[in-house]
């Protein structure tokens, strides 16, 4: 729910205030999480609230990139932005390892230390970030394209109303297709993230190898590669590249099922490739597509809608994949992920030739 709600609010409030509030509240909740496990009900409540306030971050970030960068730069900058949630995950694991293994501190500090870091990051972000060029007295990207480059008065980024942003999301065909695509992709992505470590451990491999190292490495390569390919070879048409990655992901998962269960030589490269094929389309779906088809005026709303649909897929796969693995075996779960990835790619083929229409705002 947080992605849907905060996506629309992000267009109105702007990233500077919105993300700072989310970071500060999340940091406080993390501090309380360090002591809340004495009361399980309180821990669940704080964890749910933490998830909501953390969802205030992504969609407004995408809008800010859209405000500052014209369409011909958005592939490059959206891919750079998308490395943040992968590298952030790696850093969080390293912090947890340092706290518990290197310094032998109580596990509660795994929540407390990131909470303190987030608080200072929120202050830094609020002081340094600006939602749009016009807030600094610079021309908007539309004015700059028209040749208006002189400095002017500081202005707020104009909000066009919830009716505008809602209609922009619901009536834009590619945004709806992207939402379905992310629904399918997250069924695969979170199915792998939640359950593949268990499968690997059962077969004699190491959880940490998958969870902490190789998957994010593949992901970082993927987000940069996806944007580069679509900029370089498809004239910034994102859907054909997304479709290709979906189909390749389905094929790679099928190949993985044919490998010997404890084959590190072939298994690790395939895991890295799965990371690449997961996150290349993911970055395009949750950053580049919303910027280009939602325009900078509804980029946050489009991102929140797409990402919200993706998390519905994530919630579904957590239960269905686990049930299949527990009752039938891991092979059936892999079959589910293979089919879902293939269906996602084939459905997106319907929107293969989509390009952003000409409009008042980029």
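No value in this document is a laboratory result; all are computed from the given coordinates. Because the structure is predicted, anything quoted here is derived from the model rather than measured. With ideal geometry, Cβ positions are generated from the backbone for all residues, glycine too; neighbour counts draw on all protein chains shown.
Overview of values
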| item | result |
| --- | --- |
| Neighbour-count order for 228, 195, 337, 47, fewest beta carbons within 10 angstrom listed first | 47, 228, 195, 337 |
| Theoretical ellipticity at 222 nm over the chain - DSSP helices of four or more residues, -39500 (n - 2.57) apiece, nearest 500 | -25000 deg cm²/dmol |
| Cα coordinate range in region 37-144, projected on the principal axes (Å, largest first) | 56, 29, 23 |
| Global form of the chain, assessed from the alpha-carbon gyration tensor, a/c cut-off 1.5 | oblate |
| Shape category assigned to region 271-362 from the gyration tensor of Cα positions, a/c cut at 1.5 | prolate |
| Global form of region 223-342, assessed from the alpha-carbon gyration tensor, a/c cut-off 1.5 | oblate |
| Inter-label distance, nm, simple model (7 Å from Cα along the C-beta direction), residue 12/residue 233 | 4.4 |
| Linear extension gain, residue 173 paired with residue 121, 0.36 nm per residue minus alpha-carbon span | 15.0 nm |
| Rough spin-label spacing in nm, given labels placed 7 Å along Cα→Cβ, for residue 353 and residue 47 | 4.9 |
| Ranking of 347, 113 by count of other Cβ atoms within 10 Å, fewest first | 347, 113 |
| Cα centroid of region 128-158 to Cα centroid of region 1-77, whole Å | 25 |
| Packing-based ranking, highest mean first, of 60-66, 282-288, 356-362, 339-345 given that Cβ atoms within 10 Å are counted | 282-288, 60-66, 339-345, 356-362 |
| Per-residue Cβ neighbour rank within 10 angstrom, fewest leading, 123, 224, 242 | 123, 224, 242 |
| Calculated FRET value between residue 254 and residue 135, using beta carbons and R₀ = 41 Å, to 0.05 | 0.25 |
